[in-house]
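Comments concern the structure below.
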Amino acid sequence: MTDASATPAQPSRSRSLHQTDANTKRRNAKEGRFKALGLGAIGLGLVFLVILMFSIISNGAGAFQQTFLQVPVYLDPAKLDKNGNRDPAEIAKVSTFGYAPLLQQGLLQAITDKGISTDLAKASELKNLISASAPNVVRQQVIANPDLIGQTVTFEVLASSRVDGYLKGRVKRDQIALDKNISVAQLDLTDALVKEGMAVKKFNWDFITGSDASESRAEQAGIGTSMIGSFFMMLVVLFLSLPIGVAASIYLEEFAPQNKFTDLIEVNISNLAAVPSIVFGILGLALFIQFGGGTLGISGLKASAPLVGGLVLTLMTLPTIIISTRAALKAVPPSIRDAALGVGASKMQSIFHHVLPLAMPGILTGTILGLAQALGETAPLLLIGMIGYIATNPPDGLISGFVDPNSAMPAQIYEWAKRADPAYYERAWGGIIILLIFLLSMNIIAILLRRKFERRW
Amino acid sequence: MNTVKLTASVLAITVASSAGAFARDNIQVAGSSTVLPYASIVAEAFGENFDYPTPVVESGGSSSGLKRFCEGVGENTIDIANASRAIKDSEIETCAANGVADIIQVRIGYDGIVFASQKTGPDFTAFEPADLYNAIGKQVMKDGALVDNTYTNWAEFNADLPDVEIAAFIPGTKHGTREVFEEKVMLQGCEDTGAMEAMVAGGMSEDDAEDACMAVRTDGKSVDIDGDYTETLARINSNPNGVGVFGLAFYENNTGSLKVATMGGVEPNTDTIASGDYPVSRPLYFYIKKAHLGVIPGLKDYAEFFVSDEIAGPDGPLAQYGLVSDPELAETQAMIADEQTMGAAQ
């Protein structure tokens, strides 16, 4: 055993740094694989983002264009003003059902005048080309200006959703055999009208500014009214959650003693931030609508009112704002507080004159992100009646904006996606584009604010 | 701090002024999501043609609409409840207990329920109630005995149907459509196949047997859809063998992607449903609080406008959308003109 000569040959410990041994190679390969995986993950994320953006834009872009028809209408005095005295009250008695045949007759006349040949010989067979909203356009103008009666006036009216869909490629000839809302002859006529310049696609401002419409008039529907609803909800959220949230955070961060009670509050705030938003909807229904509006009888608190929607979203946004505000306050270095206190400022003065201004960019960023989250929220609105409601009336004032029933943008999109006419599907995607633009711009504002005002120590 | 004070005062003013000054001037409607499209079409035309504001129409289902309707009389309660079924006795009692004694029932027309599949899918072109019962009933007759449903293919019980796997998408239990489907299809199919007879012979009471007939198999071959018809459509689009239950109006708006099947040899369309030849249909209603007539401006005008020939008649916009207009519309019109309540009619 003492025979030293029997020691096995040691592997050579001398190695060159220029030569990687097996162990190093393995470690390098591991690192390479990890980098590739990371890149792959990012790449996959980007691919999905591109697919998402592509499908949203390709499905929704159509909603921003709409087909309009130019129809010369002879405003027949025999139909619109039987007594011939141009009395606005009597003219108003002719309902939109009285105007529809005039439009159809006008379109038929124009077709004949232009020499377009069609199998559709009767005016009533042109009904499917013109939107159901068109008679009201004519009626409103005639009521506003009764002198038009007896003249031939050219009106620009919406084409029906089927005609519009045909020109956008959504409605196809081989699929309409059983469709009673459009026929092949009517599509042939549409082609001819496009050639004559009587049917034109234009940018659809009404989609952005208009109100929702009933299921038979997809071509008329717009997201404007629910945008106003969202705006009023965001006002409520901003004016409630910002002061309450900031006050709560300042107290918790700067004044509150460290004890079990404040610990409990902190845990609860973190938990609240993670509560699913539908829970806030149920709470809102019980607290604001059934107790506040019902038991206490506060009449502004009722189903579908943006005020209630705003209150519910405030509850949802508060934890987010409190958490981000506290983080912003914590980020202000203690030396600032100490310096303020050192020159004789009271605690309150040191906070409001020094700490809060320095924390403001962080607070604002958190608030804007919280608002953006609230803007896109649908679930709580389900329960307080903002979904399943047809937002056709834009509010007519500040108070009415808060308390009159309205919808919100995400609720409107959900509502459109549910409807039978495929034209509404396109509008749902279009609504998503508008909502995304809002969210994107809010996030950009948040980033810019942070960039501009952020202080580093 | 100034912003806080300002905010507080602005909110105080808003709440205070809204609490005092609001006498409601718009009509409020809630209820069935099946009636919603029709009600919104009418509300829109009503707003255009009258000086009243456009009525507020909400959905939420027949039962929730009637529940809100029966909450009481006053500005904070709705004026009209839409329903895809007739009001129940228990609901009338609740209403009466809360002071809603006089209710006007208005039947606006009929809604057909159709069975459709993917346009390019297998040939589901003709169903009998018995076929659907065999496909999705919980207990079916097999070789003369009542057994738990183990059919997996349509062709197993009817050689005329395609030899593909059963995949049925039926409305969930919260839908009014489900009730009609159970009564008009499942119950009928249960009787036709002899399963009901076997159940009664097996010692069940008539009522229990009816309930058992309406039970649906739970092994995944039949899927309850709690959402809307758009969800059913999405399921059908992704499953070529799927058969779904739709409203006639929805089908008529999507003839490009759906193919409808006949029921008992009758093709569903407005004519066959109006004549009663197509078996699976139901009346649609709305209910008006009589106490609100004359208090809420325009309420009676709205009701009369809804059932006028121009709107609810066979050539009106509702029929264009898919409502089967009521052959007895004139009686309904007269009833509204007289403000005839349900009690008086009986």
Residue A:119, sole failed condition from (1) more than 10 Å from every other protein chain (Cβ to nearest Cβ); (2) closer than 24 Å to residue A:207 by Cβ: (2)
Residue match in the range A:168-189 (condition: away from chain B (no Cβ under 14 Å), in contact with a Phe, Trp or Tyr (Cβ under 7 Å, 6 or more places away or on another chain) and at negative phi): no
Criterion (outside the structural domain of residue A:410 (by TED's automatic domain parsing) and crowded, with 22+ Cβ neighbours inside 10 Å) met by exactly one of A:179, A:164, A:174: A:164
Unmet criterion (only one of (1) at pLDDT below 85; (2) of a type in the set (A, V, I, L, M, F, W, C); (3) closer than 26 Å to residue A:128 by Cα) for residue A:102: (1)
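Among the residues of the range B:145-155, is there at least one that is touching a Ser or Thr at 6+ places or on another chain (Cβ under 6 Å) and either within 14 Å of chain A (Cβ to nearest Cβ) or in contact (Cβ under 8 Å) with a residue 12 or more places away in the chain (or both)? So that I can check it myself, show each step before the final result.
So the first thing to find is which residues in the range B:145-155 are touching a Ser or Thr at 6+ places or on another chain (Cβ under 6 Å), and the list is none.
Within the range B:145-155 (the criterion being touching a Ser or Thr at 6+ places or on another chain (Cβ under 6 Å) and either within 14 Å of chain A (Cβ to nearest Cβ) or in contact (Cβ under 8 Å) with a residue 12 or more places away in the chain (or both)), the answer is no, since none of the residues qualifies.
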Any hit, the range A:55-71, residues being in contact (Cβ under 8 Å) with a residue 24 or more places away in the chain, in contact with a Ser or Thr (Cβ under 8 Å, 6 or more places away or on another chain) and within 30 Å of residue A:155 (Cα to Cα): yes
Scope the range A:379-407; condition closer than 19 Å to residue A:214 by Cβ and small (Gly, Ala, Ser); matching residues: A:385, A:388, A:391, A:407
Count - residues of the range A:415-452 that are among the acidic types (Asp, Glu) and part of a helix (DSSP H, G or I): 2
Some residue of the range A:150-157 being of a type in the set (A, V, I, L, M) and surrounded by fewer than 14 Cβ atoms within 10 Å (Cβ to Cβ): no
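Among the residues of the range B:35-65, which ones are closer than 27 Å to residue B:177 by Cβ, among the hydroxyl-bearing types (Ser, Thr, Tyr) and facing chain A (nearest Cβ under 7 Å)?
B:40, B:59
From A:335, A:324, grab the single residue that is under 29 Å from the mean Cα position of the chain (by Cα) and among the polar types (S, T, N, Q).
Only one candidate qualifies: A:324.
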Residues of the range A:219-266 satisfying the condition of being within 14 Å of chain B (Cβ to nearest Cβ), of a type in the set (Val, Ile, Thr) and crowded, with 20+ Cβ neighbours inside 10 Å: A:225, A:236, A:237, A:246, A:250
Every residue from the range A:375-433 that is free of Cβ contacts under 8 Å to residues at least 12 places away in the same chain and either more than 8 Å from chain B (Cβ to nearest Cβ) or not small (Gly, Ala, Ser) (or both): A:396, A:397, A:398, A:399, A:400, A:418
Residues satisfying the stated conditions in the range B:94-130, i.e. buried (at least 17 other Cβ atoms within 10 Å of the Cβ), assigned by TED's automatic domain parsing to the domain that holds residue B:330 and more than 23 Å from the chain's Cα centre (by Cα): B:100, B:102
Residue check for residue B:79: buried (at least 17 other Cβ atoms within 10 Å of the Cβ) and either modelled with pLDDT of 90 or more or more than 14 Å from every other protein chain (Cβ to nearest Cβ) (or both): yes
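Kindly establish whether residue B:318 is surrounded by 20 or more Cβ atoms within 10 Å (Cβ to Cβ), of a type outside the set (D, E, K, R) and in contact with a Gly (Cβ under 6 Å, 6 or more places away or on another chain). Full working, then the answer.
Details: surrounded by 20 or more Cβ atoms within 10 Å (Cβ to Cβ): yes; of a type outside the set (D, E, K, R): yes; in contact with a Gly (Cβ under 6 Å, 6 or more places away or on another chain): no.
Considered against the rule, which asks whether it is surrounded by 20 or more Cβ atoms within 10 Å (Cβ to Cβ), of a type outside the set (D, E, K, R) and in contact with a Gly (Cβ under 6 Å, 6 or more places away or on another chain), residue B:318 comes out as no.
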Qualifying residue in the range B:250-257 (condition: crowded, with 22+ Cβ neighbours inside 10 Å and either more than 14 Å from chain A (Cβ to nearest Cβ) or at positive phi (or both)): no
Residue B:172 surrounded by fewer than 19 Cβ atoms within 10 Å (Cβ to Cβ), of a type in the set (Gly, Ala, Ser) and under 19 Å from residue B:244 (Cβ atoms): yes
Residues (in contact with a strand residue (DSSP E or B) (Cβ under 7 Å, 6 or more places away or on another chain), closer than 22 Å to residue A:209 by Cβ and outside any strand (DSSP E or B)) located in the range A:52-106: A:64
Filtered residue count, the range A:100-124, keeping only those that are surrounded by 15 or more Cβ atoms within 10 Å (Cβ to Cβ) and free of Cβ contacts under 8 Å to residues at least 60 places away in the same chain: 11
Qualifying residue in the range B:238-252 (condition: in the same structural domain as residue B:172 (by TED's automatic domain parsing), touching a strand residue (DSSP E or B) at 6+ places or on another chain (Cβ under 7 Å) and more than 25 Å from residue A:423 (Cα to Cα)): yes
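Okay, residues lined up against (1) modelled with pLDDT under 80; (2) out of contact with any Asp or Glu (no Cβ under 6 Å at 6 or more places or on another chain); (3) at negative phi:
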position	(1), (2), (3)
B:38	no, yes, yes
B:59	yes, yes, yes
B:74	no, yes, no
B:94	no, yes, yes
Filter pass, residue B:26 being within 22 Å of residue B:302 (Cα to Cα) and at pLDDT below 85: yes
Enumeration of residues in the range A:194-217 that are within 18 Å of the chain's Cα centre (by Cα) and either within 14 Å of chain B (Cβ to nearest Cβ) or surrounded by 20 or more Cβ atoms within 10 Å (Cβ to Cβ) (or both): A:204, A:207, A:210, A:211, A:212, A:213
Output for the range A:293-342, where each listed residue is within 22 Å of residue A:237 (Cα to Cα) and at pLDDT below 85: A:293, A:298, A:299, A:300, A:301, A:302, A:303, A:304
Helices (runs of 4 or more DSSP H) within the range B:241-331 that include 1 or more residues over 22 Å from residue B:118 (Cβ atoms), in contact with a Phe, Trp or Tyr (Cβ under 8 Å, 6 or more places away or on another chain) and of a type in the set (Ser, Thr, Tyr): B:270-275, B:299-306, B:317-321
Residue in the range A:321-340 that is polar (S, T, N, Q), buried (at least 21 other Cβ atoms within 10 Å of the Cβ) and within 11 Å of chain B (Cβ to nearest Cβ) present: no
Test: residue in the range A:305-317 that is crowded, with 22+ Cβ neighbours inside 10 Å, within 19 Å of the chain's Cα centre (by Cα) and not in a helix (DSSP H, G or I): yes
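The values are calculated or read from the model by the stated rules, or taken from the named source; none is laboratory data. In this text the structure is predicted, and so the values were computed from the model without any measurement. Note that each Cβ is placed from the backbone with ideal geometry, even for glycine, and that neighbours are counted across all protein chains shown.
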